[in-house]
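The values are calculated or read from the model by the stated rules, or taken from the named source; none is laboratory data. Quick caveat, the model's predicted, so the values are computed rather than measured. All Cβ positions, glycine included, derive from the backbone under ideal geometry; neighbour counts span all protein chains shown.
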Amino acid sequence: MTITHDLLVWLSKSFGLFYLIGLSLIVLVYTYWPANQKPFEHAAQAILDDDDKPYRG
Amino acid sequence: MIAQLTKSERQSALVILLALAVVGLAMAAGGRHDPFGVHGAIVLLAAILGIFGVISGYYAPEPSPDRLDSYYDSPTKFGIIVAMVWAVIGMAVGDWVAWLLAYPEWTFDAAWASFGRLRPVHTSGVIFGFGGNALIATSFYVMQRTTRARLPDQLTPWFVLFGYNLFCIIAATGYLMGVTQSREYAEPEWYADIWLVIVWVTYFILYMRVLARRQEPHIYVANWYYLAFILVVAMLHIVNNLAMPISWGSAKSYSLFSGVQDAMTQWWYGHNAVAFFLTSGFLGMMYYYMPKRAGRPIYSYRMSIISFWGITFFYMWAGSHHLHYTALPQWVQSLGMTFSVMLLVPSWVSAGNALMTLNGAWHKVRDDATLRFMMVAAVFYGLTTFEGSFMAIRPVNSLSHYTDWTIGHVHAGALGWVAMITFGAIYASVPWLWKRESMYSAKLVEVHFWLALAGTVIYVFAMWNSGIIQGLMWRTYNESGTLAYSFVDSLVAMHPYYIARAVGGAFFLLGAIIGFYNILMTIRSAPSVETQNAADFPVTGPAAAPALQPGE
């Protein structure tokens, strides 16, 4: 199958439109998922922690 | 430095350097009188210097296991100093070519001193030399702190830094000899490109190894931005530089693409270099250093995630706005224009998030020039992304394209956003890294800030004026329907703005030189133990002892 200009136009106008909308929805769900709020808050606060040492298990 | 490597790392370093020396020798022999041969000699020389360096420290005692109790910051320190060296070189050459545009007769009678060869030394010097080294150095710092994991070994970060700077040197010396692919921001030829792929993939793997060792369950958002920078730049670099050398002994190659596909590939690369090199990486920097310096967490963590994906999804499609009114199909132009306009949303979300983080810390912004650098960077980020979306609209582009407005836009971003956030991050990290109470002189930071801001404003206003005058003159018709002004007429009209631009650039360069002096004096000053300024020295408790690292 050869990739023609028309095929690319069709792809970008159909699949190209919807996959980005789909990805956006996934991102929004991930961002606002209630269980994710705690790790987010923790990550935002943790960088202010002044313990300037790596963890050694 | 060699003393920080373990015995086996010293051996690996020797093997790598020997292999590099062989490659350099082969290039020098195969290239003969071609610039390729000169580059072979440079590679060989670099490898030999490295071999001597490793041998001189080869029998030093092995680093003690105590090193694992602290982060490995020597590569970051080195990277910051090299970034400042490149800043001074790149900006000095930039100001030089700015004066050449105002007074073309000031050139020397030598091919290397022509505008066409010097200009890429400026662009690569500031983007890759200054920006790239600053990104690599700060990413090493940030990835360790945010994952609470030390770099997995001592050799890889040095390989990345030295390898990357070898690429920068090959690039800059090549331009002076006339070696170029004529692809903007991708000028280096095929062999330099292959070397950068090796270095860059090593960098990516190093980052993944640190993330794999992380002790924080969630990966802090700054790392996402840094990783997008590394991953996407690798992808762009490889595709855009697909080329066939004319022989194994020649610097010259031909691109695999031709015609409008070639143009589209180049601007897909070019605009995403702006997106993922000059935006994503520096946003990573901002999301770590700004909250840290302000002592406040990022205003909205969720906004930072949404804008991350917005920037990643949208930027990829924006490049075709560089090719409005060309042979590129109209719908591809419209696609690029639409995505460029949509980009305003995640861009302003990022800029707003940064400024809202400072809300409540404005007294710190007033007193602390370092934080003010970051604040002004966020403002310029907002301004430039607005301007960029606007300029990507086809009818606006018909006025702005090919004029100095574009140059003004680029420098609002490069000076106002990229350089300002970098200087802020560097002024924040230098006292932390070298365990100093504060910078050598807070006054000089203040002087640098005002020079940088004044220089940027002068530069950008000069180019706005020049660009719009130019654009209007090019589209003014007389009564008989022909162009009212010749190109030379518009050139004469631009002359005063070119002088103003060169003056603005000189301010900015002077600021960078003062900054470099201040950094060197900070390093030379005695480490502090007692009095600690909370803003400059976040380490508290027992860790506040000078904590000498092995090998220092």
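Among the helices (runs of 4 or more DSSP H) contained in the range B:323-374, which hold 2 or more residues that are away from every other protein chain (no Cβ under 14 Å) and either touching a strand residue (DSSP E or B) at 6+ places or on another chain (Cβ under 9 Å) or over 21 Å from B:Phe390 (Cβ atoms) (or both)?
B:362-367
Could you give me the residue pairs with C-beta distances under 6 Å whose first residue belongs to the range B:339-355 and is assigned by TED's automatic domain parsing to the domain that holds B:Gly284, whose second residue is of a type in the set (Phe, Trp, Tyr) wherever it lies, and which are 6+ apart or on separate chains?
B:Phe339/B:Phe314; B:Phe339/B:Trp317; B:Met342/B:Phe314; B:Leu343/B:Phe314; B:Ala351/B:Tyr381; B:Asn353/B:Tyr299
With respect to B:Tyr225, determine if the residue is within 15 Å of the chain's Cα centre (by Cα) and on the phi > 0 side of the Ramachandran plot.
no
Go through the range B:229-265 and give me each residue that's surrounded by fewer than 16 Cβ atoms within 10 Å (Cβ to Cβ) and among the polar types (S, T, N, Q).
Of everything in the range B:229-265, those that are surrounded by fewer than 16 Cβ atoms within 10 Å (Cβ to Cβ) and among the polar types (S, T, N, Q) turn out to be B:Ser247, B:Ser258, B:Gln261.
Among the candidates B:Thr138, B:Thr146, B:Thr156, B:Thr123, single out the residue that is in contact (Cβ under 8 Å) with a residue 60 or more places away in the chain, of a type outside the set (A, V, I, L, M, F, W, C) and away from chain A (no Cβ under 14 Å).
Answer to the selection: B:Thr123.
Take the residues in the range B:294-325 that are small (Gly, Ala, Ser) and farther than 15 Å from B:Ala351 by Cβ, then tell me which one is farthest from the chain's Cα centre (by Cα).
So in the range B:294-325, the residues small (Gly, Ala, Ser) come out as B:294-295, B:300, B:304, B:307, B:310, B:318-320.
Those left that are additionally farther than 15 Å from B:Ala351 by Cβ: B:294-295, B:318-320.
Numbers: B:Ala294: 24, B:Gly295: 26, B:Ala318: 20, B:Gly319: 19, B:Ser320: 23 Å.
By that ranking, first place goes to B:Gly295.
For the range B:171-199: of the residues being assigned to a loop (DSSP other than H, G, I, E, B) and among the charged types (D, E, K, R), which is surrounded by the most Cβ atoms within 10 Å (Cβ to Cβ)?
B:Glu189
Just checking, does the range B:250-259 include any residue being part of a helix (DSSP H, G or I) and either more than 15 Å from the chain's Cα centre (by Cα) or free of Cβ contacts under 8 Å to residues at least 24 places away in the same chain (or both)?
yes
Let me confirm something: among B:Met463, B:Met420, which residue is within 30 Å of B:Ser139 (Cβ to Cβ), touching a residue at least 40 places away in the same chain (Cβ under 8 Å) and surrounded by 23 or more Cβ atoms within 10 Å (Cβ to Cβ)?
Only one candidate passes the filter, namely B:Met420.
Out of the range B:61-85, which residues are away from chain A (no Cβ under 14 Å), surrounded by 14 or more Cβ atoms within 10 Å (Cβ to Cβ) and under 30 Å from B:Gln11 (Cα atoms)?
Selection gives B:Glu62, B:Pro63, B:Ser74, B:Pro75, B:Lys77, B:Phe78, B:Gly79, B:Ile80, B:Ile81, B:Val82, B:Ala83, B:Val85.
Please enumerate the residues belonging to the range B:206-242 that are assigned to a helix (DSSP H, G or I) and polar (S, T, N, Q).
Of everything in the range B:206-242, those that are assigned to a helix (DSSP H, G or I) and polar (S, T, N, Q) turn out to be B:Asn223, B:Asn240.
Can you tell me which residue within the range B:82-109, out of those that are out of contact with any Leu (no Cβ under 7 Å at 6 or more places or on another chain) and at pLDDT below 95, is nearest to B:Pro496 (Cα to Cα)?
For the range B:82-109, the residue satisfying everything is B:Pro104.
Inside the range B:15-36, can you point out the residues that are closer than 22 Å to B:Leu176 by Cα and in contact (Cβ under 8 Å) with a residue 12 or more places away in the chain?
B:Gly24, B:Leu25, B:Met27, B:Ala28, B:Gly30, B:Gly31, B:Arg32, B:Asp34, B:Pro35, B:Phe36, listed by residue number.
Does B:Phe386 count as at pLDDT 95 or above, surrounded by fewer than 23 Cβ atoms within 10 Å (Cβ to Cβ) and either assigned to a helix (DSSP H, G or I) or on the phi < 0 side of the Ramachandran plot (or both)?
For B:Phe386, the condition - at pLDDT 95 or above, surrounded by fewer than 23 Cβ atoms within 10 Å (Cβ to Cβ) and either assigned to a helix (DSSP H, G or I) or on the phi < 0 side of the Ramachandran plot (or both) - is met.
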